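Everything on this sheet refers to the single structure shown next.
No value in this document is a laboratory result; all are computed from the given coordinates. This structure is a prediction, so every number in the text was calculated from the model and none was measured. Cβ sites come from the backbone with ideal geometry, for glycine too, and all protein chains shown count toward neighbours.
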Amino acid sequence: SAVISQKPSRDICQRGTSLTIQCQVDSQVTMMFWYRQQPGQSLTLIATANQGSEATYESGFVIDKFPISRPNLTFSTLTVSNMSPEDSSIYLCSVEVFYNEQFFGPGTRLTVL
Amino acid sequence: EDKVVQSPLSLVVHEGDTVTLNCSYEVTNFRSLLWYKQEKKAPTFLFMLTSSGIEKKSGRLSSILDKKEPFSILNITATQTGDSAIYLCAAPQANNNDMRFGAGTRLTVKP
C-alpha cells in the first residue's frame, strides 16, 4: 500500500471563501482521485487528477468549482471554491497502487458556515 | 449505468455474533470488486476480489465473489465492538478506473 497524507484534516470556513486541500503520497502513483462524502452518504467521485494535464471531472462537478492541480506523481490539490453550506463534506483523495486497488487518504472534514 | 447495491443498510448485533454483508453489482466489463471499512473519515482497504468462488480471508473477515449472480458477501465471525463501522463495496467502472461505491452497511456491534 501507499502512505497518503492530507492537509488540513479539518476546517471550518465561511460562505464565499475557498479552501485548498493537499494530498501527498509517499511514492509515485499514476492514478490519483478526489472523492466527496456528504453527510450520511457514500463516496462520490469528483475527478481524476491527471499529471501534466487537466483533471477529468465527473458529471455534476466542474473545474471552476473544484479546480485540481497535479504537478507531479506524488502530489495533488483540490480547491473548493466559493463555498456554500452544501459543500460541507469529507473530501478524500485516493491513489491506485496496484491494478484496481485504491487506497484512501485520511480525509479532510470541511464545514461551511 | 453501473451500480452497486449493498444490503442491509444497517445492522445491529452483539459481540460474538457472525454477520454477513451483501453486495450486488451491475458493472459493464467487470474487473474487480473491493471491500472497505470506514470508521471515521477514510475507508480502509479490506479485500479485492476478481475471481468467482475464491475466498479471501483476513483474520475474522472473509469475502467471496459470485460472478454469475453477480454478488459478493463479506463475513465477519465472532464480532467485536471494534468491528463497528460502515462497510463499503465498490467496483471500478467499465472504461476507466473510477470506483462506483455502494451506499454502505452500517454495522453496530454491542457489547
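Descriptive notes on the structure:
- Taking the protein assembly as shown as a whole, the Cys residues whose C-beta sits 4.7 Å or farther from every other Cys C-beta are A:Cys13.
- Environment charge at B:Thr18 (Cβ cut-off 13 Å; Lys +1, Arg +1, Asp -1, Glu -1): -2
- Charge tally in the Cβ shell below 13 Å around A:Leu110, where Lys, Arg are +1 and Asp, Glu are -1, A:Leu110 excluded: +3
- Farthest toward the positive end of the dipole of the protein assembly as shown, out of A:Tyr99, A:Thr56, A:Ser89, is the Cα of A:Ser89, where the dipole comes from beta carbon charges about the Cα centre.
- Between the listed residues A:Ile12, B:Ala90, A:Leu78, the Cα displaced farthest toward the positive end of the dipole of the protein assembly as shown, a dipole computed from Cβ unit charges relative to the Cα centre, is found at A:Ile12.
- Note on B:Lys68 and A:Glu86: with the Förster distance fixed at 45 Å, the Cβ-Cβ geometry gives a FRET efficiency of about 0.65.
- Reachable lysines from B:Lys37, criterion Cα separation under 21 angstrom, eight or more residues apart if same chain: B:Lys3, B:Lys56, B:Lys57, B:Lys110
- log10 of Debye I(q)/I(0), alpha-carbon scatterers only, for chain B at 0.12, 0.16, 0.21 Å⁻¹: -0.38, -0.66, -1.11
- P(r) tail for the protein assembly as shown: Cα pairs beyond 27 Å make up 34% of the total.
- Using a cutoff of 8 angstrom between alpha carbon atoms and counting only pairs six or more residues apart, the relative contact order for chain B works out to 38 percent.
- Translational diffusion of the stretch A:1-86 was estimated from the Stokes-Einstein equation, with Rh taken as the Kirkwood radius over Cα pairs; at 10 °C and 1.306 mPa s the coefficient is 117 µm²/s.
- Of the GluC sites (Glu not before Pro) in the stretch B:4-111, those whose Cβ has at most 13 other Cβ within 10 Å and which sit in DSSP loop: B:Glu15, B:Glu39, B:Glu55
- Taking the stretch A:19-104 and dividing mean pair separation by its residue count, relative contact order in percent (alpha carbons under 8 Å, at least six apart): 36 percent
- Charge dipole (Cα centre; +1 on Lys/Arg Cβ, -1 on Asp/Glu Cβ; no other charges) of the stretch A:1-85 amounts to roughly 200 debye.
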